[in-house]
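*Asks:* Sharing a structure below in C-alpha coordinates format, with a few things to ask.
The values are calculated or read from the model by the stated rules, or taken from the named source; none is laboratory data. All of these numbers come straight from a predicted model, not from anything done at the bench. No Cβ is skipped: glycine too gets one built from the backbone with ideal geometry, and neighbour counts run over all protein chains shown. With ligands, DNA and RNA removed, areas are computed over all heavy atoms of the protein, side chains included. Shrake-Rupley method; radii C 1.70, N 1.55, O 1.52, S 1.80 Å.
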Amino acid sequence: MAAIVWLVAGILLAAAEMLTGDLTLLMLGAAALATAGVSGVFEPPVWVDAIVFGLSALTLMLGVRPFLLRRYATPPPHQSGVDALPGKSAQVLEPVDAQGGRVKLDGEVWSARPFDPAESYPEGTTVYIMKIDGATAVVWKGP
(Lines give C-alpha, C1' and ligand atoms only; values in the text may rest on other atoms or scores of the structure.)
Protein backbone atom coordinates (compact mmCIF):
# COMPACT_ATOMS: atom_id res chain seq x y z
CA MET A 1 0.00 0.00 0.00
CA ALA A 2 2.82 2.44 0.89
CA ALA A 3 4.52 1.71 -2.43
CA ILE A 4 1.42 2.88 -4.30
CA VAL A 5 1.32 6.13 -2.31
CA TRP A 6 5.00 6.78 -3.08
CA LEU A 7 4.44 5.92 -6.75
CA VAL A 8 1.51 8.34 -7.08
CA ALA A 9 3.47 11.07 -5.23
CA GLY A 10 6.45 10.57 -7.54
CA ILE A 11 4.34 10.80 -10.68
CA LEU A 12 2.50 13.91 -9.43
CA LEU A 13 5.74 15.64 -8.46
CA ALA A 14 7.36 14.83 -11.80
CA ALA A 15 4.27 16.10 -13.63
CA ALA A 16 4.21 19.29 -11.54
CA GLU A 17 7.80 19.96 -12.61
CA MET A 18 6.45 21.04 -15.99
CA LEU A 19 4.98 24.12 -14.26
CA THR A 20 8.20 25.25 -12.58
CA GLY A 21 11.14 24.12 -14.71
CA ASP A 22 13.77 24.44 -11.97
CA LEU A 23 14.25 20.66 -11.53
CA THR A 24 13.38 20.68 -7.80
CA LEU A 25 10.08 18.83 -8.10
CA LEU A 26 11.62 16.42 -10.59
CA MET A 27 14.32 15.47 -8.07
CA LEU A 28 11.71 15.00 -5.32
CA GLY A 29 9.58 12.95 -7.70
CA ALA A 30 12.54 10.73 -8.55
CA ALA A 31 13.23 10.29 -4.83
CA ALA A 32 9.60 9.29 -4.28
CA LEU A 33 9.81 6.78 -7.14
CA ALA A 34 12.99 5.30 -5.65
CA THR A 35 11.21 5.02 -2.31
CA ALA A 36 8.26 3.34 -4.05
CA GLY A 37 10.67 0.77 -5.49
CA VAL A 38 12.26 0.02 -2.13
CA SER A 39 8.86 -0.06 -0.42
CA GLY A 40 7.42 -2.41 -3.06
CA VAL A 41 10.31 -4.87 -2.94
CA PHE A 42 11.13 -4.99 0.78
CA GLU A 43 7.93 -3.70 2.47
CA PRO A 44 9.85 -1.89 5.25
CA PRO A 45 8.26 0.17 8.06
CA VAL A 46 7.25 3.76 7.35
CA TRP A 47 10.30 5.23 9.09
CA VAL A 48 12.59 3.33 6.71
CA ASP A 49 10.60 4.74 3.78
CA ALA A 50 11.13 8.23 5.21
CA ILE A 51 14.88 7.66 5.52
CA VAL A 52 15.12 6.27 1.98
CA PHE A 53 13.16 9.23 0.64
CA GLY A 54 15.27 11.74 2.59
CA LEU A 55 18.60 10.26 1.54
CA SER A 56 17.64 9.89 -2.12
CA ALA A 57 16.14 13.40 -2.23
CA LEU A 58 19.27 14.85 -0.63
CA THR A 59 21.52 12.96 -3.05
CA LEU A 60 19.53 14.05 -6.08
CA MET A 61 19.20 17.69 -4.96
CA LEU A 62 22.88 18.12 -4.09
CA GLY A 63 24.45 15.78 -6.62
CA VAL A 64 22.35 15.51 -9.76
CA ARG A 65 20.40 18.79 -9.88
CA PRO A 66 23.45 21.14 -9.99
CA PHE A 67 24.93 19.10 -12.85
CA LEU A 68 21.68 19.21 -14.80
CA LEU A 69 21.28 22.95 -14.22
CA ARG A 70 24.80 23.63 -15.49
CA ARG A 71 24.21 21.43 -18.49
CA TYR A 72 20.71 22.43 -19.57
CA ALA A 73 19.76 25.76 -17.98
CA THR A 74 19.68 28.69 -20.38
CA PRO A 75 21.94 31.58 -19.43
CA PRO A 76 20.40 35.02 -18.95
CA PRO A 77 20.26 37.02 -22.16
CA HIS A 78 23.34 39.16 -22.74
CA GLN A 79 22.48 42.74 -23.56
CA SER A 80 24.44 44.36 -26.32
CA GLY A 81 24.42 47.57 -28.31
CA VAL A 82 22.33 50.43 -26.98
CA ASP A 83 20.44 48.06 -24.64
CA ALA A 84 23.65 47.63 -22.60
CA LEU A 85 24.28 51.38 -22.13
CA PRO A 86 21.72 52.42 -19.47
CA GLY A 87 23.40 52.51 -16.07
CA LYS A 88 26.88 53.27 -17.42
CA SER A 89 28.69 56.46 -16.55
CA ALA A 90 29.79 59.11 -19.01
CA GLN A 91 31.93 62.27 -18.90
CA VAL A 92 30.40 65.60 -19.99
CA LEU A 93 32.48 67.10 -22.84
CA GLU A 94 30.21 70.08 -23.64
CA PRO A 95 27.68 71.45 -21.12
CA VAL A 96 24.49 69.40 -21.16
CA ASP A 97 21.19 71.24 -20.82
CA ALA A 98 17.69 71.11 -22.31
CA GLN A 99 19.08 72.28 -25.67
CA GLY A 100 21.65 69.48 -25.82
CA GLY A 101 25.30 68.82 -25.15
CA ARG A 102 27.93 66.11 -25.60
CA VAL A 103 29.19 63.29 -23.42
CA LYS A 104 31.94 60.71 -23.81
CA LEU A 105 30.60 57.20 -23.28
CA ASP A 106 32.83 54.13 -23.68
CA GLY A 107 35.26 56.11 -25.84
CA GLU A 108 32.53 57.45 -28.13
CA VAL A 109 31.08 60.96 -28.23
CA TRP A 110 27.29 61.07 -27.89
CA SER A 111 24.83 63.93 -28.07
CA ALA A 112 23.08 64.21 -24.73
CA ARG A 113 20.25 65.88 -22.91
CA PRO A 114 19.38 65.82 -19.19
CA PHE A 115 16.78 63.44 -17.80
CA ASP A 116 15.26 66.42 -15.98
CA PRO A 117 15.02 69.33 -18.47
CA ALA A 118 15.44 71.83 -15.61
CA GLU A 119 18.96 70.56 -14.83
CA SER A 120 22.23 71.30 -16.58
CA TYR A 121 25.63 69.68 -16.18
CA PRO A 122 28.90 71.56 -16.72
CA GLU A 123 31.91 70.20 -18.59
CA GLY A 124 33.83 67.53 -16.67
CA THR A 125 30.82 66.25 -14.70
CA THR A 126 30.29 62.50 -14.43
CA VAL A 127 26.75 61.54 -15.36
CA TYR A 128 24.86 58.27 -15.71
CA ILE A 129 23.02 57.08 -18.78
CA MET A 130 19.32 56.69 -18.02
CA LYS A 131 18.23 55.67 -21.52
CA ILE A 132 19.10 56.08 -25.17
CA ASP A 133 16.56 58.07 -27.17
CA GLY A 134 17.44 57.61 -30.83
CA ALA A 135 21.04 58.83 -31.06
CA THR A 136 20.81 60.92 -27.88
CA ALA A 137 21.89 59.79 -24.45
CA VAL A 138 19.50 60.88 -21.71
CA VAL A 139 21.72 61.50 -18.68
CA TRP A 140 21.36 62.21 -14.97
CA LYS A 141 23.94 63.22 -12.39
CA GLY A 142 22.36 61.12 -9.68
CA PRO A 143 21.46 61.88 -6.09
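*Asks:* Residues of the range 59-68 being surrounded by fewer than 19 Cβ atoms within 10 Å (Cβ to Cβ) and closer than 16 Å to ASP22 by Cα, which ones?
*Replies:* Just the residues of the range 59-68 that are surrounded by fewer than 19 Cβ atoms within 10 Å (Cβ to Cβ), to begin with: 59, 61-68.
Once the filter is applied, which keeps residues that are surrounded by fewer than 19 Cβ atoms within 10 Å (Cβ to Cβ) and closer than 16 Å to ASP22 by Cα, the range 59-68 yields MET61, LEU62, GLY63, VAL64, ARG65, PRO66, PHE67, LEU68.
*Asks:* Moving on to the next point. Can you name the residue in the range 99-109 that is assigned to a strand (DSSP E or B) and out of contact with any Leu (no Cβ under 9 Å at 6 or more places or on another chain) and is also farthest from GLY134 (Cα to Cα) among such residues?
*Replies:* Among them, the one singled out is GLU108.
*Asks:* Related question: Which condition breaks for LYS88 when tested against (1) surrounded by 13 or more Cβ atoms within 10 Å (Cβ to Cβ); (2) in contact (Cβ under 8 Å) with a residue 40 or more places away in the chain; (3) closer than 17 Å to THR125 by Cβ; (4) not polar (S, T, N, Q)?
*Replies:* Unmet condition: (1).
*Asks:* Kindly provide the set of residues from the range 53-98 that are in a loop (DSSP other than H, G, I, E, B), within 30 Å of GLU119 (Cβ to Cβ) and under 27 Å from the mean Cα position of the chain (by Cα), ordered by number. Break it down into steps so the answer makes sense when it comes.
*Replies:* Here is the first cut: in the range 53-98, the ones in a loop (DSSP other than H, G, I, E, B) are 73-80, 85-88, 98.
Next cut, within 30 Å of GLU119 (Cβ to Cβ) only: 79-80, 85-88, 98.
GLN79, SER80, LEU85, PRO86, GLY87, LYS88 - these are the residues of the range 53-98 that are in a loop (DSSP other than H, G, I, E, B), within 30 Å of GLU119 (Cβ to Cβ) and under 27 Å from the mean Cα position of the chain (by Cα).
*Asks:* If only one of LEU28, LEU23, LEU33 is open to solvent by 60 Å² or more (accessible area, probe 1.4 Å), within 21 Å of ARG65 (Cα to Cα) and either of a type in the set (Phe, Trp, Tyr) or out of contact with any strand residue (DSSP E or B) (no Cβ under 6 Å at 6 or more places or on another chain) (or both), which one is it?
*Replies:* Values: LEU28 fails: open to solvent by 60 Å² or more (accessible area, probe 1.4 Å); LEU23 fails: open to solvent by 60 Å² or more (accessible area, probe 1.4 Å).
Of LEU28, LEU23, LEU33, the one residue that is open to solvent by 60 Å² or more (accessible area, probe 1.4 Å), within 21 Å of ARG65 (Cα to Cα) and either of a type in the set (Phe, Trp, Tyr) or out of contact with any strand residue (DSSP E or B) (no Cβ under 6 Å at 6 or more places or on another chain) (or both) is LEU33.
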